[in-house]
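The values are calculated or read from the model by the stated rules, or taken from the named source; none is laboratory data. Quantities reported herein were computed from a predicted structural model and do not represent experimental measurements. Cβ placement follows ideal geometry from the backbone for every residue including glycine, while neighbour counts extend to all protein chains displayed. Each accessible area value is taken on the protein alone, full model and side chains, heavy atoms only, with ligands, DNA and RNA left out. Shrake-Rupley method; radii C 1.70, N 1.55, O 1.52, S 1.80 Å.
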Amino acid sequence: MKRIIFLTVLLLIFISCSENNPAKNETLTPETQSLKPETTKLLPDLPDVSFNNTDFVFLLTSWWPSTSNLIAFPYVVSETLNGEIVNDAVYMRNTLISEKYGVNIKEIDLTGQDSGGGGIGYQRISKGYMAGDHEYDAGFIGTYDVCTLARDGYLHDLLELPHIDLDKPWWDARVKRDLLIGNKMYFTNGDINIQNNECTYAILFNKRLINDYKLEIPYELVLNNKWTIDKFLSMAKGVSQDLNGDGKWDENDQYGILVWQDSVYGMIVAAGEKIATVIDGKIELTLYNENTVSTLTKYMDFLKDETYSLNIRTLNSGEVNMFANNQALFHTRYISTIKLLRDMETDFGILPYPKLYETQSSYYSNIHGYGDSFVCIPKTAANPEMSAIILEALAAESMYNITPAYYDVTLTGKFFRDDESREMLDIIFSTRGYDVGLFYQVGGYTSTLLEMLNSLRNDFTSVYQKDEAKALQQIDTINQAFSENN
């Protein structure tokens, strides 16, 4: 009884944090408002049922290991309360759902292994299907693997299962908007998955350098719709210094931007474009257009002058120390990078990726396919109805305790030192989308675009044309598979 009372008190605290966070009440866009939790707790429409102490097993896979300092939060299971707010929120959520539905929530953690489309997640679920095994009740499967599992028919269509309602606010409506192929939805994301937030693209900026070089305040640029790629790159051009005077440009000097190779995807999405897009239920190749060409031309022309930026891929490590040591104005990476800067003495802020034009209707944020994972139910699940009930219950509870713990307390409480960062996070999270072409790796563009950036080549047209036929063939195969899968 004492444990129930304790957990109830914790739950009320988390709900209070969620309802009274001033950043959540800022006026942004109608889309943003529709994605916020209701002030009155909305309960899932689930039956009053007990599964009599049954084990409920998640399979966890993704390239990023759960023990990585880029994650540092429990994916699914927390073994005990330890005072860390997210860990304790996971523990509390699981205890409540376990006791209510009579399940023991467990995980098989295979993160940190190959998840490139035929990796460990694909192998475990596809081989289990062939063997008739029923080891996993649900999965958090790495992006590329979950896509191939969906294509090959190894997952349940979540729209066909009872008790899962993807239109509820604890599920990310943009997954359904961007990845619904042939009216089928084999995987999704939402409040249940912290990793989805960690893999969202963002740009960090150094406030000291903004002041030292008398540059415009980036927050004001964002809010006034003047945060464009031209503004971003022009600001970055004016701060480079050969700090040690040795005539060499390396990790000992100061740059406009610390560039991560994946930023090439972020720039494309920020311009409102994608490798491929689902249109009328079918994937279409949409990479090559005027906006993409303009964006990549501007970005690659900037990167070719290596006095302006440093590709952190060449460092293997050390970019966090460089940014913390005031050696860069901007740092292009992911939300997960923020926690690595907790001890940084200089204040820093966070920004969405820039628009292509001021007149662009919205900022757009990207998701890192390489490190992310998605929620799914394998066809091998012993009791798909139980899987659906438990996922819906966990997702709903997560909106009221995991998200406030992660978003309101951990991010804005521990790592940022200003109110504007909260508003930027609202913009970043509310405008993120999902690129079906990136996730299904069509045409190999996920690799060739990175190669183009790393080799500082500004030859996007030839890169695109070389793999266009292959991309179109792969898209036809995926569309056909979704039309045939039952």
Original post:
Of all residues in the range 105-115, which are open to solvent by 30 Å² or more (accessible area, probe 1.4 Å) and not charged (D, E, K, R)?
Top reply: I108, G112, Q113
**OP:** Using the structure shown, decide if F56 is open to solvent by 20 Å² or more (accessible area, probe 1.4 Å) and either in a strand (DSSP E or B) or not aliphatic (A, V, I, L, M) (or both).
**Re:** no
Original post:
Scanning the range 79-93 for residues that are within 20 Å of D408 (Cα to Cα) and of a type in the set (S, T, N, Q), which turns out surrounded by the most Cβ atoms within 10 Å (Cβ to Cβ)?
Top reply: N87
Original post:
Of the residues that sit in the range 119-134 and are in contact with a helix residue (DSSP H, G or I) (Cβ under 9 Å, 6 or more places away or on another chain) and closer than 13 Å to I377 by Cβ, which one is most open to solvent (accessible area, probe 1.4 Å)?
Top reply: H134
**OP:** Could you tell me which of the residues Y434, Y407, Y363 is over 29 Å from G281 (Cα atoms) and either open to solvent by less than 20 Å² (accessible area, probe 1.4 Å) or in contact with a helix residue (DSSP H, G or I) (Cβ under 7 Å, 6 or more places away or on another chain) (or both)?
**Re:** Y407
**OP:** Test F429 against the stated conditions and say whether it is at pLDDT 90 or above and under 30 Å from E468 (Cβ atoms).
**Re:** no
Subject >> Test: E423 is buried (at least 16 other Cβ atoms within 10 Å of the Cβ) and farther than 28 Å from M185 by Cβ >> reply: yes
Subject >> Filter result for D347 (at pLDDT below 95 and open to solvent by 40 Å² or more (accessible area, probe 1.4 Å)) >> reply: yes
**OP:** Tell me, yes or no, whether the range 314-329 has at least one residue that is in contact with a Phe, Trp or Tyr (Cβ under 9 Å, 6 or more places away or on another chain), closer than 30 Å to Q474 by Cα and in contact (Cβ under 8 Å) with a residue 40 or more places away in the chain.
**Re:** no
Original post:
Considering D152, D167, which residue is of a type outside the set (V, I, T), open to solvent by 40 Å² or more (accessible area, probe 1.4 Å) and without any contact (Cβ under 8 Å) to a residue 60 or more places away in the chain?
Top reply: D167
**OP:** Return yes or no: is N326 part of a loop (DSSP other than H, G, I, E, B), more than 19 Å from the chain's Cα centre (by Cα) and modelled with pLDDT under 95?
**Re:** no
Original post:
Given the conditions (1) open to solvent by 10 Å² or more (accessible area, probe 1.4 Å); (2) part of a strand (DSSP E or B), which single one is not true for F374?
Top reply: (1)
Subject >> Residues of the range 64-84 satisfying the condition of being more than 21 Å from the chain's Cα centre (by Cα) and of a type in the set (A, V, I, L, M, F, W, C) >> reply: L81
Original post:
Which ranges mark the helices (runs of 4 or more DSSP H) fully within the range 85-181 that have 2 or more residues being under 20 Å from the mean Cα position of the chain (by Cα) and within 22 Å of T61 (Cα to Cα)?
Top reply: 85-101, 143-151, 173-179
**OP:** Return the pairs, sorted by first residue and then second, in which the second residue is modelled with pLDDT of 95 or more and open to solvent by less than 10 Å² (accessible area, probe 1.4 Å), the first residue lies in the range 178-206 and is closer than 28 Å to G281 by Cβ and of a type in the set (K, R), the beta carbons are less than 7 Å apart, and the residues are 6+ apart or on different chains.
**Re:** K184/F482
Subject >> In the range 388-437, the residues that are hydroxyl-bearing (S, T, Y) and either under 15 Å from W171 (Cα atoms) or part of a loop (DSSP other than H, G, I, E, B) (or both) >> reply: S398, Y400, T403, S430, T431, Y434
Original post:
Has the range 386-409 got any residue that is over 17 Å from the mean Cα position of the chain (by Cα) and closer than 24 Å to E468 by Cα?
Top reply: no
Subject >> Residue that is surrounded by the fewest Cβ atoms within 10 Å (Cβ to Cβ) [pool: residues in the range 437-470 that are small (G, A, S) and touching a residue at least 24 places away in the same chain (Cβ under 8 Å)] >> reply: G444
Original post:
So which pairs qualify, if the first residue must be in the range 249-278 and over 28 Å from R208 (Cβ atoms), the second must be assigned to a helix (DSSP H, G or I) and at pLDDT below 95, the Cβ gap must be under 7 Å, and the two must be at least 6 apart or on different chains?
Top reply: none
**OP:** May I ask you to list the residues in the range 334-343 that are open to solvent by 10 Å² or more (accessible area, probe 1.4 Å) and either part of a helix (DSSP H, G or I) or modelled with pLDDT of 90 or more (or both)?
**Re:** K339, L340
